[in-house]
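Computed from the coordinates by the stated procedures, all read-outs in this text should not be read as laboratory data. Since the structure is predicted, the reported quantities are computational estimates derived from the model, not experimental observations. Because the Cβ atoms are built from the backbone with ideal geometry, glycine has one as well, and the counts that use them run over all protein chains shown.
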Amino acid sequence: MIAAIPSPSSGSFGLGPLEIRGYGIMIALGVVVAVWWSQRRWVARGGTAEQVSTISLWAVPAGLVGARLYHVATDWRRFQGRWEDVPAVWQGGLGIPGGLAAGVIVGVLVARRQGISMGGVLDAMIPTLPVAQAIGRWGNWFNQELFGRPTDLPWGLRIDAGHRPASHPAAETFHPTFLYEGLWNLALAWVLVRVDRRGVLRPGYLVGLWVCGYGLGRLWDGGAMNSASPDQYQRVERTFAFIDLSGFTSFIDTEGDRAALELLHGFKSVVRQIAAKKGVRIAKWLGDGAMLVGTEPERTIEVVIEIEEVIDMSESPLKLRAGIAKGPVLLVEGEDHIGEAVNLASRLCDVAEPHQVLAPASMVSSTLFVNCEVEPVGDLAISGIAEPVEVVRLLPEAGHPVG
C-alpha cells in the first residue's frame with residue numbers, strides 16, 4: 001500500500017539530556033487547550049479566569065490519577081510482578097471513565113468551596129473536555145497503540161512489526177481507531193456547544209449529554225473497529241534483549257547528575273536509531289537500560305551487537321552488558337510478555353560483565369544467520385530457572401562493519 005498514515009519510529013525524542021515522551025506532550029497539550037477555552041467560556045458567563053484555574057489545579061491531577069487507577073484496576077494482570085510501573089503514565093494506559101469521574105467530582109467540590117454555581121461552571125467546562133480527549137488521543141499515535149483491525153483503506157495506519165498483534169503479524173496497516181475517536185470527540189464538542197447556546201437543558205445537565213455522547217462513540221469505534229484487535233491472552237514466539245550501562249549508579253556518584261544525564265541521552269539515541277533501523281521494538285526503558293523485543297532472533301542479536309560496537313567505539317566511560325533469550329511467551333493485551341524467555345534474558349543481563357552479551361547456547365545454535373562470533377561461557381545457575389543454562393558470549397564478527 002502506498003497511501004497510509006505513517007507511525008513514528010519512536011514514542012519519544014531527545015532534547016538535550018532530557019527524553020520527551022510524545023504521549024505526555026499530547027496529554028499536556030490537551031489539558032492546556034481545555035483550560036484556556038474553559039476560561040474564555042466562563043469569563044463570557046460573568047466568572048473569572050482565576051476561578052477556572054483554581055478548579056483545574058485540582059481537577060486535572062485528580063483526573064490523571066483516576067484514569068490511571070481505573071486502567072490498573074481493569075487491567076491489573078498486566079502489572080503483576082511489576083507494580084512499580086503503575087505510576088509510569090508515559091508508557092500509556094489511561095482509563096478515560098476513571099479520569100472523567102475523578103476529575104468532575106473533584107472539580108465540583110472545588111467549585112462548591114469557592115461558592116461558584118456548579119451547574120454554570122460545568123456547562124462552561126464540559127464542551128472543552130472532548131477537545132482535550134481528541135488532542136490526547138494523538139499520544140496513542142506516538143505509542144503505536146489504539147488501532148483496530150487490518151485495513152487496505154488509504155487512511156490505514158502503518159504499524160511496525162514489533163507493535164502488531166500476534167493475530168495479524170503480516171498486516172501492515174490497521175484502522176486508526178485513535179483518529180476515529182478523536183474526530184468523534186470534536187463532533188461531540190460541537191454538538192455540546194450548540195445545545196448549550198440554545199439553552200434547551202437545565203444548568204449542569206450538559207454533563208449527561210457529554211457522557212452519553214462519549215459512550216456512544218466508544219461503542220461504535222470499540223465494537224466496529226476493534227473486533228480483530230489482540231486477544232487478551234496469546235502464546236507467541238519472541239526474542240528478548242535486556243541491555244544496560246554497567247556501573248551507571250557509581251558513575252552518577254562520581255561524575256554528577258549532569259554528566260550522567262548526558263551519557264544516558266547519548267545511549268538512548270544510539271538504541272533508538274539502531275532499533276528503528278532493524279525493526280526491533282523498544283518495549284520499555286529501564287532507567288539506565290532498555291528491554292527490546294523482536295520477532296526475528298537474528299535481527300535482535302544484530303541490534304544488540306551493533307549497539308555494543310557503537311558504544312565501544314564512542315569511547316563511552318561505561319560499557320554495555322546484555323542478555324538475550326528467545327522462546328514462547330504469553331502475550332497479554334497485545335503488549336506485555338510473560339514467560340521464561342523474558343526472565344532468562346533479564347537474568348543474563350544481570351550476571352553479564354561489562355562488555356558482555358550473553359545468550360543461551362541453544363538459541364545461537366538454532367539461529368541461521370548472525371553477524372557475530374560465539375565464545376563458550378559454560379553452565380550457569382540462573383535465578384528463577386530450574387536447570388543450569390549453557391551460556392555463550394556473543395562478540396562482533398571479525399571484519400564485520402558496524403551497521
I'd like the FRET efficiency for R202 and D312, computed as 1/(1 + (r/R0)^6) with the beta carbon distance as r and R0 of 45 Å, rounded to 0.05. 0.05
For K277, the net charge from surrounding residues (Cβ-Cβ under 11 Å; K, R +1; D, E -1) works out to +1
What FRET efficiency, computed as 1/(1 + (r/R0)^6) with R0 = 22 Å and r the Cβ-Cβ distance, is obtained for E262 and S9, rounded to the nearest 0.05? 0.45
